[in-house]
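Q: Mind looking over this structure? Questions follow.
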Amino acid sequence: MDKETALELLGNKKFFQLKSGLQEMNPADIAILVEEMYGGDVLDEKNLIMLYRILPKELAAEAFTYMDSDKQMVLINAFSDKELRYVIDELYLDDTVDIIEEMPANIVSRILKNTDSETRKQINQILNYPKDSAGSVMTTEFVYLHGEITVAEAFERIRKIGLVKETVYTCYVIAPDRRLVGVVTVLDMLVADADTLVEEIMESNVISVNTHDDREQVARTLSKYDFAAIPVVDNENRIVGIVTFDDAMDVLQEENTEDFAKMAAVVPADDSYFRTSVLAHAKSRIPWLLILMLSATLTGWISSRFEAQIALVPMLVSFMPMVMGTGGNCGSQSSTLIIRGMAIEDIHLKDFFKVVFKEVRIALICAVTLAVVNGLRVYFVYGRDLRLALVIAFSLIGTVVMAKLVGAMLPMGAKALKLDPAIMATPLITTVVDSCSLFIYFTIASNILHI
């Protein structure tokens, strides 16, 4: 069902047809439909509320989790306490926490007021973890078993509590003090005899993460081992929750968005592009633009330092953009690959000299190729001036090698200083390389042309 059809059925009050069409849709697709229908005015709000109330309760609660915070806020304001309580009861705990983190204080207060004391305690526990930790993205809704029960008893427990848990495929085996001692899957139990003890078929070598581990690292651990979920334990190895693959995907998406912003010399925003105001966008961009603008004055200083050489051979000016542009391109190539390699843990700090050695070899191949092509071009196009051709050729060799090394070393240097390597991306690399390129260019020109 598309936006026009939904609005037409709403306008003509054909609610039964609308409900039938919506019931055939996936909750995520319903959320997309809502996104298309909602423009922010009063009529849109009325349509949103009406469409939501047409949905069957369970489908409505599922669709609610996929909506962005603007639509959720409109609906929460329209909910009665009974409706709000039902939606919260249907949500998984981590989804409830995500919603609370996006809402203003008055909405948060109302949500917490309509949760039972145990849920409220769990929500507060998760909210108290550092923002970028495993504890902040975990859910406490998981299935745990004791090792001394049989497979038949385990299935009986899963049947009783499975519907309110985020995942039942992977079950965690705990000791009486809640220490994590093993993990067992439903498949393991299905193929075992009913009277087999869980501890006999569980995997005791459990891979887990700590509540204070970085959430990006947790997401990468999930990806590395192809887990559907990973247990989160405290310092005493007591299980307190799990991180599921869908939450890990959200984490990686957020982290990638943040890295892209830094690589473009923009302070990362907490909200989406359209929900961030023009002023907020400008504020996030101005600091880096000022830094880059002021640092570019070094390029101007180097140019003025070689004014005499330029006056004697004005032709040198025409090659400055090519030399600087080539250096910037080479530097950004290397920095992008190194930053990405470190992000996916293909490159580590211990690989510094290995990376430098490899980039030197790459740079030499690229440099010689560019130098030969441009040297010949300058020689034949500019009056067979051999010295000018040599200036360009040697300048390109020096610039390319320098740029490749700077592009590789700066991100790794940032990592060593506990900074985000993404800040050493194209804009900053280009500014640094431009200055160094000009210095190399004019130094070589001065020596070869004797000016």
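Q: Would you please name the GluC sites (Glu not before Pro) within region 194-242 that are DSSP coil residues with at most 13 other C-beta atoms within 10 Å of their C-beta?
A: Numbers: sites: Glu199, Glu200, Glu203, Glu216, Glu236; in loops: Glu236.
Of the GluC sites (Glu not before Pro), the ones in loops of region 194-242 whose Cβ has at most 13 other Cβ atoms within 10 Å are Glu236.
Q: Please list, by residue number, every one of the chymotrypsin sites (Phe, Trp or Tyr not before Pro) in region 153-249 that is coil in DSSP and has at most 16 other beta-carbon atoms within 10 Å.
A: In loop regions of region 153-249 (DSSP not H, G, I, E or B), the sparsely surrounded chymotrypsin sites (Phe, Trp or Tyr not before Pro) are Tyr169.
Q: Suppose all protein chains stay in the model; what accessible area per residue would a 1.4 Å probe give for region 357-435, in Å²?
A: Details: 3770 Å² over 79 residues.
Counting only protein heavy atoms, the per-residue value for region 357-435 is 48 Å².
Q: So what's the angle, to the nearest 10 degrees on a 0 to 90 scale, between helix 93-102 and the longest Cα principal axis of the chain?
A: The angle comes out at about 50 degrees.
Q: Select from region 5-105 those GluC sites (Glu not before Pro) which occupy a DSSP coil region and have at most 14 other Cβ atoms within 10 Å, ordered by residue number.
A: Glu24
Q: One quarter of the convex hull surface, Cα atoms only: what value does that give for region 326-384 in nm²?
A: 4.6
Q: Just to confirm my numbers, what's the Cα centroid distance between region 273-348 and region 373-451 in Å?
A: 12
Q: Keeping all protein chains in place, calculate the accessible area per residue for region 1-115 (probe 1.4 angstrom), answer in Å².
A: Numbers: 6030 Å² over 115 residues.
Accessible area per residue: 52 Å².
Q: Carbon-plus-sulfur fraction of the accessible area of the chain, 1.4 Å probe, in percent?
A: In the chain, the share of accessible area belonging to carbon and sulfur is 59 percent.
Q: As I understand it, the dipole of the chain uses +1 on the Cβ of Lys and Arg and -1 on the Cβ of Asp and Glu, about the Cα centre. Which of Pro287, Ala308, Ala152 lies farthest toward its positive end?
A: Ala308
Q: Can you give me the angle between helix 315-343 and the longest principal axis of the chain, using Cα atoms only, in degrees from 0 to 90, rounded to the nearest 10?
A: The two axes meet at around 30 degrees.
Q: Could you tell me what percent of the DSSP beta bridges with both partners in the chain are antiparallel, to the nearest 5?
A: Of the beta bridges lying entirely in the chain, close to 75 percent run antiparallel.
Q: Given the options Met73, Tyr52, Leu33, identify the residue whose Cα lies farthest towards the positive end of the charge dipole of region 18-75 (+1 on Cβ of Lys, Arg; -1 on Cβ of Asp, Glu).
A: Sorting the options by dipole projection puts first Tyr52.
Q: So who's got an amide H within less than 5 Å of the one on Gly182, skipping anything under 5 residues away but keeping other chains? H placed 1.01 Å off N, in plane.
A: Sorted by chain and number, the residues that satisfy this are Val173.
The values are calculated or read from the model by the stated rules, or taken from the named source; none is laboratory data. All figures in this text were calculated on a predicted structure; none of them were measured in a lab. Please note: Cβ atoms are built from the backbone with ideal geometry, for glycine as well, and neighbour counts cover all protein chains shown. Surface accessibility is based on the protein's heavy atoms, side chains included, excluding ligands, DNA and RNA. Shrake-Rupley method; radii C 1.70, N 1.55, O 1.52, S 1.80 Å.
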